[in-house]
Amino acid sequence: MLSPACNVLILLGSFLIAASQGNLSHDRSQPTTSDEIVVAGSKVLLQCEVEDPDDSSLQWSNPAQQTLYFGEKRALRDLRIQLERSTPNELTISIDNATLADEGEYTCSIFTMPVRTAKAIVTVLGIPQKPQISGYSDPLKEGDVAQLTCFSSGSKPAAELRWHKGDKLLSAEPSEVEEDANGKTFTVTSRVEFTVGKEDNGVEVTCTVDHESLQNSDKSTSQKLAVFYKPTAEIKSYPDSPREGQNLRLRCDGRGNPIPQEYKWEKQGAQAPLAEAQDNILVFDSLNKSDSGTYICYASSIMGISTAIYNLNVHDASPMTHSGSTYHAIIGGIVAVIVFLLLILLIVLGHYLIRHKGRLQLKPAQMFSASCKPGLGRPQGLNVALQASLIWPLGLHIPFSSCIHTLLRLLPSPALLHTFLEGFWKCLKCLPG
């Protein structure tokens, strides 16, 4: 048995021998190329390279073994085929506006001894046509089953179809694939079924083609659905809380597809029809308590009849509004403050005059005709154009209650009140002590 060291040496020697054989077997005159995939209508490049041309030229041939280029020399008069680059080590050509007929195996050759060749398979992708939707009948009714078919031709390889209803992906039956008459492209057909409801009215159903030739784009077709469904009705009141004596308008709003066109009003328990009804509007002029009750609106279309109920409760006539009460309360408060201040003023004045009643002996007729003279211990009179509005109280010719009565009669007149206060101020300046 060999030792581990011998095994390692044997393995290393085998590796070196295999590597040297690989280098010896490498043919530097063997041309190389690659397969290409192109979308129909696009441009495809065919590149052939060789390390050692051995003084020979490279050549490209089509699937029919027709020479396209030998070196830099054109061999086939097809203007779609152009020379891109020609050197001893490279020959690159292009085919513009590729078609399905250009698909196949292309050969790059170098005429050494022996002749060496390399193969490049060109695959042309057939672009699918815009899909078409069939099987839709306009309109559908709520609860009907929609059966739609979508197909697209011209794809190679066969395309895939998918369905959406709005943003929702629909589950479809397995697609059917048929070969087109040209024997190269395919027609794909997909079918979908679903039950429609009123929420599907106006929704678009979309069929989309997915194919590698479309790259970052897609092709799709949409079909908008029209769904008839039973109407609904709702009664709205203007104003919301009707009161006795007000005008009231009830409006019956019908919704549906189609929109209700016929309306009928009834009052529960009443035999005669409502003369105030005008289509979906019911009008009351000057409400009274007898108008209270339950009113029913019937909204009808070809899809059926819907009812709406409104309970009318006529309230008493509107009392004074809160804002009006607040306004009157504010005015009353202001008047009360003014009266209170004036009463305080009269009390102070009366108190002062009581203390000095012995000094004041003027008669009422002289009170507002005299003027205050310097050096006198008491007033000679007041030059105020106020007719008997200030009466000296307590112990004089006119009692104090009559003075108050006279003052209160002056309150509605701002001009007389101003005159009174001016006279009172002069009186204070003339009184002694």
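Of Ser237, Ser190, Ser220, all but one fail to be in contact (Cβ under 8 Å) with a residue 24 or more places away in the chain, polar (S, T, N, Q) and either part of a loop (DSSP other than H, G, I, E, B) or open to solvent by 30 Å² or more (accessible area, probe 1.4 Å) (or both); the exception is Ser220. Taking the conditions (1) outside the structural domain of Leu79 (by the TED database); (2) open to solvent by 50 Å² or more (accessible area, probe 1.4 Å) in turn, Ala146 satisfies each one other than (2). Restricting attention to region 53-83 and to residues that are assigned to a loop (DSSP other than H, G, I, E, B) and under 11 Å from Phe111 (Cβ atoms), the residue that is most open to solvent (accessible area, probe 1.4 Å) turns out to be Asp55.
Per the conditions (1) without any contact (Cβ under 8 Å) to a residue 60 or more places away in the chain; (2) of a type in the set (S, T, N, Q); (3) in contact with a Ser or Thr (Cβ under 7 Å, 6 or more places away or on another chain); (4) under 14 Å from Lys130 (Cα atoms), the sole criterion not satisfied by Ser175 is (4).
Screening region 256-275 for residues that are open to solvent by 40 Å² or more (accessible area, probe 1.4 Å) and among the hydrophobic types (A, V, I, L, M, F, W, C) and picking the one that is farthest from Gly293 (Cα to Cα) gives Ile259.
Restricting to region 289-299, count the residues that are assigned to a strand (DSSP E or B) and over 32 Å from the mean Cα position of the chain (by Cα). The qualifying residues number 6. Scanning region 246-255 for residues that are open to solvent by 50 Å² or more (accessible area, probe 1.4 Å) and under 19 Å from Asn313 (Cβ atoms) yields Gln246, Asn247, Arg249, Arg251. Number of residues in region 129-164 that are outside any loop (DSSP other than H, G, I, E, B) and either out of contact with any Leu (no Cβ under 8 Å at 6 or more places or on another chain) or more than 12 Å from Thr206 (Cβ to Cβ) (or both): the value is 17.
Applying the criterion of being part of a strand (DSSP E or B) and over 23 Å from Glu51 (Cα atoms) to the residues of region 84-104, the residue that is least open to solvent (accessible area, probe 1.4 Å) is Ile95. Residues that are outside any strand (DSSP E or B) and either among the β-branched types (Val, Ile, Thr) or surrounded by 14 or more Cβ atoms within 10 Å (Cβ to Cβ) (or both) within region 167-186 comprise Ala172, Ser175, Asp180, Lys184, Thr185, listed in sequence order.
The values are calculated or read from the model by the stated rules, or taken from the named source; none is laboratory data. The model shown is predicted, which means the values in this text are computed figures rather than measured ones. Don't worry about glycine lacking a Cβ; one is built from the backbone with ideal geometry, like all the others, and counts go over all protein chains shown. Quick note on the areas: whole protein, heavy atoms, side chains included, nothing else; ligands and nucleic acids left out. Shrake-Rupley method; radii C 1.70, N 1.55, O 1.52, S 1.80 Å.
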